[in-house]
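Taken together, the values in this text are just the output of simple stated rules run on the coordinates, not laboratory data. Because the structure is a prediction, the values reported are computed rather than measured. Here the Cβ positions follow ideal geometry from the backbone for every residue, glycine too, while neighbour counts run over all protein chains shown.
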There are 2 protein chains.
Amino acid sequence: MVKSDIFFMNEAIRLSIKSVKDGGGPFGAVIVKNGKIIAKASNSVTKDNDPTAHAEVNALRLAAKKIKNFDLNGCIVYSSCEPCPMCLAAIYWAKIDRLFFANTKTDAKKIGFDDFFIYDELELPYEKRKMKVTQMMRNKALEAFRNWDNKEDKIQY
Amino acid sequence: MVKSDIFFMNEAIRLSIKSVKDGGGPFGAVIVKNGKIIAKASNSVTKDNDPTAHAEVNALRLAAKKIKNFDLNGCIVYSSCEPCPMCLAAIYWAKIDRLFFANTKTDAKKIGFDDFFIYDELELPYEKRKMKVTQMMRNKALEAFRNWDNKEDKIQY
């Protein structure tokens, strides 16, 4: 952790505090590349009617648009709170180099955001989960995968 | 599984096959409410330069916009493939009732989409993960959580 990390985390925290004031969720995130902020966002689930609009997802989407690349290799995420499984997986898909966070998921749970429920569900076999999950029609669906596998000009990600 | 489930999954599969043809990833998803499709989407990570634009996330975002509500309680997701951790967590956040999928994550891995890597990482303690994760400045960040907790007119989600 160096001085610039404190600067960038301060900005993520500022966004989280501003977000509460503006009617959004209490979360902020900043994405940095080569020592510069390329995207910042706060949680806008209720404002945008988008269940995926967590601060980190919003920031990743903005950053990728900004650099015109779905691969955010070389970027660092500063989040005001420990990412939920959705955001953490999004951070991995985006190939982010490093993650800093401030509040913990335990802190988040105390104010009503229960990431643990989802973390726990992900570890259970489907038949033990709260949400009913059913597999079907695999043989038919494999056609898309075969076509992808055989496609020579595909853009991999 | 009833006849309509086959109908809806067929549509998710059709989208996944079409997506490969159109230059997107080999995944499709459909969201159904009260027996009607309210949103359908395919993977557009490379087309939209958006690392979060998996078929399920795209479909959830569209569905929530359509019904003007971040809460998709009462909806069913049909996905041409077993959701990755990002999409599965998004499905939980959206309060989806039920999930059907066709191809498995093992099928996805065989054609180069390694969800297992992320599932495995999520189960490790931070110090053992491939991506470096650091906590910092929790005391300062808690201000947003206190403000949220004390806010009387907040929209919970």
Revision key, fill the gap. The answer for the net charge of residues other than B:THR46 whose Cβ lies under 13 angstrom from its Cβ, with Lys and Arg +1 and Asp and Glu -1, is -1
Exercise for review: With θ set to phi - 60°, apply the Karplus curve 6.51 cos²θ - 1.76 cosθ + 1.60 along the range A:61-68 and write out the HN-Hα couplings as whole Hz, x wherever there is a Gly or Pro.
Suggested key: 5, 5, 4, 5, 4, 4, 8, 6
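Please report the net charge: other residues with Cβ closer than 9 Å to the Cβ of A:ILE13, K and R +1, D and E -1.
Details: positive: A:ARG14, B:LYS140; negative: A:GLU11, B:GLU143.
With Lys, Arg at +1 and Asp, Glu at -1, the net is 0.
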Revision key, fill the gap. Quick calc, the protein assembly as shown, dipole around Cα centre from Cβ unit charges on Lys, Arg (+) and Asp, Glu (-), nearest 20 debye, gives 640
Point to revise | Calculated label separations, B:ASP97, copies of the chain, 7 Å along the beta-carbon direction, nm | key: 4.8
Exercise for review: Could you run the Karplus curve 6.51 cos²θ - 1.76 cosθ + 1.60 with θ = phi - 60° over the range B:14-19 and give me ³J(HN,Hα) per residue in whole Hz, x for Gly and Pro?
Suggested key: 4, 5, 5, 6, 4, 4
Study note, to complete from the structure: Of the listed pairs A:LYS132/B:LYS65; B:LYS3/B:LYS109; A:LYS128/B:LYS132; B:LYS66/B:LYS105; A:LYS140/B:LYS109, those with alpha carbons more than 27 Å apart are B:LYS3/B:LYS109; A:LYS128/B:LYS132; B:LYS66/B:LYS105
Check your understanding: Each residue of the range B:140-154 in turn: what ³J(HN,Hα) in whole Hz from Karplus with 6.51, -1.76, 1.60 and θ = phi - 60°, glycine and Pro shown as x?
Key -> 6, 5, 4, 4, 4, 5, 5, 4, 4, 4, 8, 6, 8, 9, 6
Point to revise | Cleavage-rule hits (trypsin sites (Lys or Arg not before Pro)) in the range B:102-132: DSSP loop, at most 15 neighbouring Cβ within 10 angstrom | key: B:LYS130
Review point. Roughly how big is the range B:51-136's charge dipole about its Cα centre, with Cβ charges of +1 (Lys, Arg) and -1 (Asp, Glu), in debye to the nearest 20?
Key: 320
Exercise for review: Within a 10 angstrom radius of each residue's Cβ in B:16-24, how many Cβ atoms of other chains show up on average? Whole number is fine.
Suggested key: 4
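So, counting K/R as plus one and D/E as minus one, what does the shell of residues with Cβ under 11 Å around B:ALA141 add up to?
Local net charge: +1.
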Exercise for review: Could you tell me whether the range A:23-152 comes out rounded, prolate or oblate from its Cα gyration tensor? Rule is a ≥ b ≥ c as square roots of the eigenvalues, rounded for a/c under 1.5, then prolate if a/b exceeds b/c, otherwise oblate.
Suggested key: oblate
Practice item. For B:PHE101, enumerate residues with amide H under 5 Å from its amide H, sequence gap 5+ or separate chain, H modeled in the peptide plane. Key: A:THR134, A:GLN135, A:MET136, B:SER79
Check your understanding: So who's got an amide H within less than 5 Å of the one on A:CYS75, skipping anything under 5 residues away but keeping other chains? H placed 1.01 Å off N, in plane.
Key -> A:ASP97
Check your understanding: Sorting B:ILE17, A:ILE38 on the 10 Å Cβ count, fewest up front, what's the list?
Key -> A:ILE38, B:ILE17
Check your understanding: Once the Cβ-Cβ distance between A:LYS95 and B:LYS3 is put in as r, and R0 is 45 Å, what FRET efficiency do you end up with, to the nearest 0.05?
Key -> 0.60
